[in-house]
Amino acid sequence: MCNGQACRSELPGMGGVRNNENFILNVSDWERIRKENSEKIDDFLKQPPEFRIPRIAIAPITGAVENIGYNDERIYYGHIVAASKNVGIGLCIGDGYPDDKLKFGIEAIEGVKSTASVFIKPYSNEKIIERINWSAKIANLIGIDIDSYNILTMRNLVNLEKKTAEHLIEIRDYAHKVLNVPFAIKGIFTDEDLKLVDEVKPDVAYISNHGGRIDTRRGSTAEFLAMHAKEVKNNCGRVWVDGGIRTPLDIATAHALGADRVLIGRPFVTALCKDGERGLCGKVLELALIQYAR
């Protein structure tokens with residue numbers, strides 16, 4: 001299992017900050033949270049299978065050469081997007097440095113004649129709008145990756161900024177009025193972030209600590225979802241979550257606690273690297289057993 005023990009502090013790479021502290025908590029806390037909320041989980045699992053169909057997407061992962069081990073960035077995006085589309089999970093692409101990373105993702109989505117959720121780093125709003133326009137033909141959602149202003153792998157490479165509610169409202173309105181697509185805030189993980197959701201009222205609030213790859217408070221996304229899902233849902237349309245989701249019961253726990261979609265990164269990428277589309281398909285089928293989880 002990809003649980004944060006073997007890649008401690010590998011940045012660049014698949015690890016996280018502070019000796020993988022939050023990465024490890026993300027994985028281990030789903031079981032603890034499940035025990036603490038056993039009645040909710042049991043009620044969810046008693047529903048007919050058609051109400052327990054998992055809503056899964058590939059998390060937006062970029063940096064295939066420096067972090068994953070691919071020889072070519074463009075080839076990675078082609079592989080991950082085509083495989084994800086073919087096995088029936090939701091498509092997401094992300095931003096990065098240099099700009100080619102986002103452009104390769106857009107190209108890959110165009111190549112499979114589909115649409116995707118597009119997550120953009122917190123540049124100045126002028127640069128974000130430029131990137132939104134690049135994505136206009138393939139975006140079914142625009143999200144701002146608010147916590148990545150603090151990501152180690154992009155420090156000293158680009159100018160990222162901590163977003164205010166006013167910044168995000170401007171981007172939300174642009175996504176609504178110009179592209180007519182939903183708007184998401186990704187990286188909800190602190191009390192300050194909860195205030196942003198309250199002020200901005202995004203269509204999607206995406207709970208994430210960037211897989212333990214950013215310098216933030218200690219904790220897990222499972223714990224944050226359990227504590228704040230109701231509050232977050234009062235101020236947005238839908239709640240998404242990622243971080244350490246590894247089993248059908250983890251997915252069931254996330255859905256039972258209020259998540260409308262779960263996003264998975266490292267396990268899908270490593271399955272793709274191991275056995276291509278067949279590997280990704282096997283991992284998706286393994287996780288989709290939520291309908292029968294007990």
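The values are calculated or read from the model by the stated rules, or taken from the named source; none is laboratory data. Bear in mind the structure is a predicted one, so any value in this text is a computation, not a measurement. Every residue, glycine among them, receives a Cβ derived from its backbone with ideal geometry; neighbour counts consider all protein chains shown. Each accessible area value is taken on the protein alone, full model and side chains, heavy atoms only, with ligands, DNA and RNA left out. Shrake-Rupley method; radii C 1.70, N 1.55, O 1.52, S 1.80 Å.
Before moving on, here are some points about what is shown:
- Computed from backbone phi with θ = phi - 60° and the Karplus coefficients 6.51, -1.76 and 1.60, the 3J(HN,Hα) list for the stretch 46-56 is 7, 5, x, x, 5, 8, 10, 5, x, 10, 10 Hz; x is used for glycine and proline.
- Environment charge of Glu166, counting only residues whose C-beta is closer than 15 Å and scoring Lys/Arg +1, Asp/Glu -1: -2
- Note on the stretch 166-190 and the stretch 28-54: Cα centroid distance 30 Å, given to the nearest whole angstrom.
- Residue (of Ile142, Gly212, Ala222) at the positive-pole extreme of the chain, dipole from beta-carbon charges: Ala222
- 3J(HN,Hα) from dihedral phi, the stretch 193-203, Karplus parametrisation 6.51/-1.76/1.60, rounded to Hz, x for glycine, proline: 5, 4, 5, 4, 4, 4, 7, 8, 6, x, 5
- In the stretch 171-294, the inverse of the mean reciprocal separation of distinct Cα atoms equals 15.5 Å; this is its Kirkwood hydrodynamic radius.
- Taking the 1.4 Å solvent-accessible surface of the stretch 100-172 as the whole, the part contributed by carbon and sulfur is 46%.
- Restricting the stretch 9-99 to trypsin sites (Lys or Arg not before Pro) in coil, as DSSP defines it, with at most 13 other Cβ within 10 Å: Lys46
- Size of the chain as Cα extents on the principal axes (Å, biggest first): 48, 43, 38
- For the chain, the mean residue ellipticity at 222 nm estimated from helices alone is -13500 deg cm²/dmol, where every DSSP H run of n ≥ 4 contributes -39500 (n - 2.57) and the total is divided by all residues, rounded to the nearest 500.
- Protection proxy ranking of 191-202, 159-170, by the mean of other Cβ atoms within 10 Å over each peptide's residues and highest first, is 191-202, 159-170.
- If you take the Cα centroid of the stretch 243-294 and the Cα centroid of the stretch 77-99, the two points sit 16 Å apart.
- Taking the accessible area of the stretch 46-88, probe 1.4 Å, and keeping the other protein chains in place, the carbon and sulfur fraction comes to 52%.
- As a fraction of the 1.4 Å probe accessible area of the stretch 201-294, surface on carbon and sulfur atoms comes out at 50 percent.
- Residue-normalised accessible area of the stretch 205-272, given per residue in Å² at a 1.4 Å probe: 28 Å²
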